[in-house]
1. Being of a type outside the set (Gly, Ala, Ser) and crowded, with 22+ Cβ neighbours inside 10 Å is the filter; apply it to the stretch 162-182 and report the residue that is farthest from Asn318 (Cα to Cα).
2. Would you call Lys310 open to solvent by 40 Å² or more (accessible area, probe 1.4 Å), among the basic types (Lys, Arg) and modelled with pLDDT of 95 or more?
3. Mind checking whether some residue in the stretch 288-308 is within 16 Å of Pro176 (Cα to Cα) and either touching a Ser or Thr at 6+ places or on another chain (Cβ under 6 Å) or outside any helix (DSSP H, G or I) (or both)?
4. So how many residues does the stretch 269-286 have that are more than 17 Å from the chain's Cα centre (by Cα) and assigned to a loop (DSSP other than H, G, I, E, B)?
5. With the condition being within 24 Å of Val279 (Cα to Cα), I'd like the helices (runs of 4 or more DSSP H) fully within the stretch 124-205 carrying at least 1 qualifying residues.
6. When you check Phe182 against the structure, is it among the aromatic types (Phe, Trp, Tyr), modelled with pLDDT under 95 and on the phi < 0 side of the Ramachandran plot, yes or no?
7. Taking Ser56, is it assigned to a helix (DSSP H, G or I), surrounded by fewer than 20 Cβ atoms within 10 Å (Cβ to Cβ), at pLDDT below 95 and not β-branched (Val, Ile, Thr)?
8. Which of the residues spanning the stretch 185-201 are modelled with pLDDT under 95 and open to solvent by 40 Å² or more (accessible area, probe 1.4 Å)?
Amino acid sequence: MSEDTPLIYVVAAERSGDLLGAGLIKAMRSRYGNGVSFRGMGGEAMAEGGVPSTVSIEGLSILGFFDGLKAFSRIKERVAEVVADIIRHKPDAVVLIDSWGFMLRVAQGVREADPSIKLIKYVGPQVFATRPGRAKTLAETVDHLMSILSFDERYYRPFGLPVTFVGNPTLDRIEPGDGATFRARHGIAADAHTVLVLFGSRKSEIDRIGPAFVASLEQLKAEREVTPIIIVAGAVKDQLAPVLDHARSEFGAVIVDEAEKTDAFAAADVALACSGTVVTELATAGVPTVTAYKLGWLTWAIIRAFNIMKAPYISLVNIAADEMLVPEFVQTRCRGGLLAAEVSALLDDPKRRERLHSELAAATDKLRGEGDASENAAQTVFELTQ
């Protein structure tokens with residue numbers, strides 16, 4: 001690295017962050033070429049973009065207090081490894097993507113060892129929904145926040161943290177798919193009802209919502225003609241293998257990987273999805289969606305007992321629209337019968353599906369921002385390193 005070439009260290013601990021990191025790296029290279037260099041910790045997407053991971057991220061995709069406790073020693077070890085690598089290479093800036101607990105520990109470790117290294121958080125904790133005190137903690141720990149939510153800045157302003165709204169890269173990644181070609185490719189009749197199923201990308205998510213999703217498919221197939229389409233994230237393909245074999249043999253499910261995602265979206269009448277980034281992606285494509293989520297029971301009990309959850313909805317789409325465009329089935333309501341009934345109601349109401357197609361697209365427009373989000377993030381990072 002030459003003295004005038006900034007080194008950017010990108011840290012991502014799970015699949016969604018890996019995609020954001022890859023988008024940022026691609027945009028920076030496209031705009032600045034050899035004027036910037038990279039090192040980082042990430043997954044397949046960043047590696048394919050020419051930035052192999054310095055530290056393994058396996059087992060770091062964790063959600064919930066008690067899951068975090070069980071993985072604490074592994075998290076602590078990975079934090080120490082990545083902090084040591086950052087200090088060794090002394091980058092001009094470290095971009096810490098999502099994954100609140102892990103990234104906070106990395107930021108604190110770097111700040112303690114070398115306060116001169118600029119720390120940029122990419123995607124803030126959802127302080128509008130839970131734990132508003134995290135805004136103050138983040139402001140005390142990093143130099144800048146790149147937000148994907150237009151309303152984030154107001155929560156950090158009182159604590160003096162500079163915030164740049166870059167837009168949501170998820171919405172930039174979704175391109176129109178070819179549903180007719182997808183159906184023809186997989187032998188699905190043009191008039192067949194299809195249900196797109198997305199189990200999630202974390203092991204814990206599959207363990208908790210997987211049985212309810214399978215039960216909903218069993219009930220749907222018992223009551224009507226329907227073709228399930230299951231998109232499998234590469235990170236959990238092996239774990240899902242028994243479920244996929246069962247769905248293929250018992251329900252006639254069509255199984256595809258993420259390379260066919262946009263075409264599968266276009267071929268779907270309704271989606272049944274684990275709550276998360278993919279729900280926003282589905283909304284951007286205008287796919288009527290039913291979403292579900294379950295936390296560990298102890299974590300859920302703490303959330304209920306201390307009224308930690310402040311937002312009325314769990315989906316960003318519903319928060320943006322301020323109404324339940326995407327039906328949510330959380331914790332005790334995440335049951336096969338309830339999910340199947342809601343999916344059936346959507347399949348039986350083409351006018352409602354048509355209306356939702358337009359309303360979902362309009363809601364995601366509020367989250368999009370101006371210009372390409374990854375390009376905006378690339379410009380922000382570059383300017384902060386000058």
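The values are calculated or read from the model by the stated rules, or taken from the named source; none is laboratory data. Note that the structure is predicted; figures quoted are calculated from it, not measured. Note that each Cβ is placed from the backbone with ideal geometry, even for glycine, and that neighbours are counted across all protein chains shown. The protein model used for the area step is the full one, side chains on, heavy atoms only, and it has no ligands, DNA or RNA in it. Shrake-Rupley method; radii C 1.70, N 1.55, O 1.52, S 1.80 Å.
1. Filtering first and then ranking leaves Phe182.
2. No, not satisfied.
3. Yes: the stretch 288-308 contains one or more residues that are within 16 Å of Pro176 (Cα to Cα) and either touching a Ser or Thr at 6+ places or on another chain (Cβ under 6 Å) or outside any helix (DSSP H, G or I) (or both).
4. Total satisfying the criteria: 2.
5. So the answer is 153-156, 169-173, 179-185.
6. For Phe182, the condition - among the aromatic types (Phe, Trp, Tyr), modelled with pLDDT under 95 and on the phi < 0 side of the Ramachandran plot - is not met.
7. No; evaluated as a whole, the condition is false for this residue.
8. Ser201 - this is the single residue of the stretch 185-201 that is modelled with pLDDT under 95 and open to solvent by 40 Å² or more (accessible area, probe 1.4 Å).
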